[in-house]
Amino acid sequence: VNFTSGWNYYRLKQIDFDGAYEYSPIAVVEVKRPFDVENNFYPNPSPDGILGFQYASKSDGEISVEVTDLTGHILKRENQYVSKGKNDLSFDFSALGNGVFLVKVIGNNRAYTYKILLEKN
């Protein structure tokens, strides 16, 4: 089961060989992930290619950011230093043309991929 942050509700369905089934009682689980990346790049779409990003880190260190087009070609790579706790980061993607791009953020031993739209005037 892939839980998301917050309250999650689930129950199991048992199916017998004869096709009969029954459900378990509903279980409630609260998942707290204070150090997961839960925010997207903003503003999205971006009118100028400058995007902000909030990132919560478990420790001081670097995160890796990789921008690709939709075919997977790497267009930009950069590392940013983060400190333990919440970080307000800024990224300059203004050199990229207009279009849809994928941004992969690697940090805290996890990788997250976001879709951004650049609509520069």
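The largest accessible area among Ser90, Ser57 belongs to the first residue in Ser90, Ser57, and the rest follow in falling order (1.4 Å probe, all chains).
Excluding Val67 itself, calculate the net charge of residues whose Cβ lies under 9 Å from the Cβ of Val67, where each Lys or Arg counts +1 and each Asp or Glu counts -1. Neighbourhood net charge equals 0.
Of all aspartates and glutamates in the structure, those lying under 18 Å Cα to Cα from Lys104, and not within fewer than 8 positions of it along the same chain, are Asp36, Glu38, Glu62, Glu66, Asp69, Glu78, Asp88, Asp92.
Across the range 8-103, how many lysine pairs separated by 8 or more positions, or lying on different chains, have Cα atoms within less than 18 Å? The partial results should precede the final answer.
Values: Lys32/Lys58; Lys32/Lys84; Lys32/Lys86; Lys58/Lys84; Lys58/Lys86.
Lysine pairs satisfying the spacing and distance rule in the range 8-103 number 5.
Would you mind getting the accessible area per residue of the range 40-109, heavy atoms of the protein chains only, 1.4 Å probe, in Å²?
Details: 3890 Å² over 70 residues.
Heavy-atom accessible area per residue stands at 56 Å².
Projecting the Cα atoms of Gly61, Gly99, Phe17 onto the charge dipole of the chain (Cβ charges, centred on the Cα centre) puts Gly61 farthest toward the positive pole.
The values are calculated or read from the model by the stated rules, or taken from the named source; none is laboratory data. Quick caveat: nothing in here was measured; it's all calculated off a predicted structure. As a convention, Cβ positions derive from the backbone with ideal geometry for all residues, glycine included, and neighbour counts pool all protein chains shown. Surface accessibility is based on the protein's heavy atoms, side chains included, excluding ligands, DNA and RNA. Shrake-Rupley method; radii C 1.70, N 1.55, O 1.52, S 1.80 Å.
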